[in-house]
Amino acid sequence: EELLYYFVLHTLIFSSCCAQFGFVVHGEVHSGADTEQDIEGDWYPGLFKRLLSPPSIVSTDARIPIAVTSHSWFGLVHGLPMMFMRPSAELSIELRTTFKDWLLTDRAPVWRELPENPHWSGPDKTSLTSKYSRYNVLQDALQASPEILAIGRRLQHFLSESLVEFITLYPDAIEAMHHEADRDAWQSRLGRVDRTAGNHRFGPFPIGVEVQSWMNAHERTTTADGGHEHTQAIHIHTHSASWHAFMPLDAAGTNTTFVAPPYHRQGGAGDGHGHNASVAFNIENSDGVLVMICGGVRHGVPPAATGDYGKEMRERVSVAFDFIYSATINGDTKVTHPGASLEMLDPVWPSSPIRKKVLEKPRLLYGPENVNTVLMTPVQLEKEITRALRRRGGDLGEVMEPLASDAQSVRDTYQHKHLQSLDFAGVLDMKELVGDAPRIYRDEL
């Protein structure tokens with residue numbers, strides 16, 4: 001079964017899991033009848049154009065930092081928990097040079113030969129992004145030449161540390177929310193992964209983490225008159241996994257649009273004080289930064305405006321990750337953990353009396369339509385959580401089981417709000433949070 005990364009644009013089911021990287025897919029978006037559709041879909045017509053205008057709000061609490069270091073930033077951005085993390089300078093440079101070149105020259109030709117995704121339409125069905133469920137970037141790296149293998153292992157370790165950092169800090173973001181209603185709502189979407197799965201007769205189930213990772217690479221196109229086409233925008237969409245991350249490798253200067261779930265705050269677009277609404281804002285990408293959010297958050301990519309990103313329309317490359325809690329059954333079969341369903345429709349959380357249903361048939365994590373790879377074994381996950389909690393002086397006995405987030409509940413909070421229900425903020429530059437990317441010198445290219 002494929003993961004759900006796409007939404008219906010009228011009659012077209014168009015997967016858009018590349019959108020969050022600041023990358024866009026060539027060509028127009030068409031329905032089955034081959035008629036052009038609005039890139040924002042029915043939710044937010046005119047959103048991207050409106051974001052080019054001055055912001056409608058100037059918020060004093062747009063950014064609430066909670067845990068900040070020289071290379072990382074965790075906190076609330078317009079009420080949305082987010083983390084920005086730079087790897088070490090050595091790994092950052094390797095990912096943006098050797099690893100990126102390996103992706104483009106070695107793996108991309110192989111992945112392009114994979115079967116097309118039937119849920120995509122037109123020329124986009126042959127793109128690397130559309131085939132996200134048929135290959136795995138990290139898995140291929142861990143099976144590659146010694147040089148790429150070494151980078152892949154360091155990337156795997158960096159992802160593991162970052163994920164655990166994010167999920168162990170996440171409750172602090174909820175505590176920092178100003179309004180009680182927001183704190184209650186976000187708290188209700190969280191639960192500890194139940195390794196006993198409600199006393200399931202085949203339990204307990206040690207908790208591991210699998211990762212689905214894919215690549216986006218979009219080449220510039222040359223028009224008949226010798227000019228270069230700007231690539232098209234990607235409509236607003238969400239992801240259904242508990243935790244999602246993306247890392248631009250060559251996308252500096254491109255924007256990602258986020259629509260924060262509705263939250264209470266002071267001031268805003270003519271609504272007086274203490275109103276409750278979503279905020280649309282842009283983040284300017286910086287290469288080599290891992291950006292982490294929970295599932296269910298609406299985001300997309302605005303079209304490039306005249307003069308944006310410089311005159312050169314270079315090839316843009318990124319990698320992305322969905323993190324899935326896993327269990328092993330029948331000796332060696334990896335499945336979604338029965339105590340934390342990937343779709344989060346019927347998770348088993350002892351703390352929630354209304355969610356007691358046990359998933360008797362968890363989904364396979366490996367197959368022709370679903371290629372995941374191990375990020376952390378149960379032993380590794382427990383080790384990383386222990387390390388993170390000890391660093392903060394936490395109680396290891398109470399919170400060893402990792403957090404899961406209900407992506408469906410996050411999606412439901414939007415209640416199909418349209419453009420008029422949004423407030424608009426300005427652009428946030430990643431570099432303001434985690435500094436500039438380590439410089440790449442000629443001998444490292």
If only one of Val164, Val137, Val77 is closer than 26 Å to Ala280 by Cα and within 20 Å of the chain's Cα centre (by Cα), which one is it? Val77
Checking the structure you have, find out if any residue of the range 88-110 is assigned to a loop (DSSP other than H, G, I, E, B), in contact (Cβ under 8 Å) with a residue 40 or more places away in the chain and not small (Gly, Ala, Ser). no
Go through (1) modelled with pLDDT of 90 or more; (2) part of a helix (DSSP H, G or I) for Asp124 and report which single condition fails. (1)
How many residues are under 23 Å from the mean Cα position of the chain (by Cα) and at pLDDT below 95 if we restrict to the range 54-66? 3
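Return yes when Glu444 is under 25 Å from Val137 (Cα atoms) and either modelled with pLDDT of 80 or more or among the hydroxyl-bearing types (Ser, Thr, Tyr) (or both) and no when it is not.
No, not satisfied.
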Enumeration of residues in the range 139-194 that are without any contact (Cβ under 8 Å) to a residue 40 or more places away in the chain, open to solvent by less than 30 Å² (accessible area, probe 1.4 Å) and outside any helix (DSSP H, G or I): none
Pro262: modelled with pLDDT of 75 or more, outside any loop (DSSP other than H, G, I, E, B) and either within 17 Å of the chain's Cα centre (by Cα) or not aliphatic (A, V, I, L, M) (or both), yes or no? yes
Gly267 vs. criteria modelled with pLDDT of 70 or more, outside any strand (DSSP E or B) and farther than 30 Å from Trp102 by Cβ: no
Can you find a residue that is aromatic (Phe, Trp, Tyr), more than 25 Å from Pro302 (Cα to Cα), open to solvent by 20 Å² or more (accessible area, probe 1.4 Å) and out of contact with any Ser or Thr (no Cβ under 6 Å at 6 or more places or on another chain) anywhere in the range 84-99? no
Filtering the range 415-429 for residues that are surrounded by fewer than 19 Cβ atoms within 10 Å (Cβ to Cβ), under 22 Å from the mean Cα position of the chain (by Cα) and either modelled with pLDDT of 90 or more or not polar (S, T, N, Q) (or both) leaves a count of 5
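The values are calculated or read from the model by the stated rules, or taken from the named source; none is laboratory data. Values in this document were obtained by computation on a predicted structure and should not be read as measured data. All Cβ positions, glycine included, derive from the backbone under ideal geometry; neighbour counts span all protein chains shown. Only protein heavy atoms, including side chains, enter the accessible area calculation; ligands, DNA and RNA are left aside. Shrake-Rupley method; radii C 1.70, N 1.55, O 1.52, S 1.80 Å.
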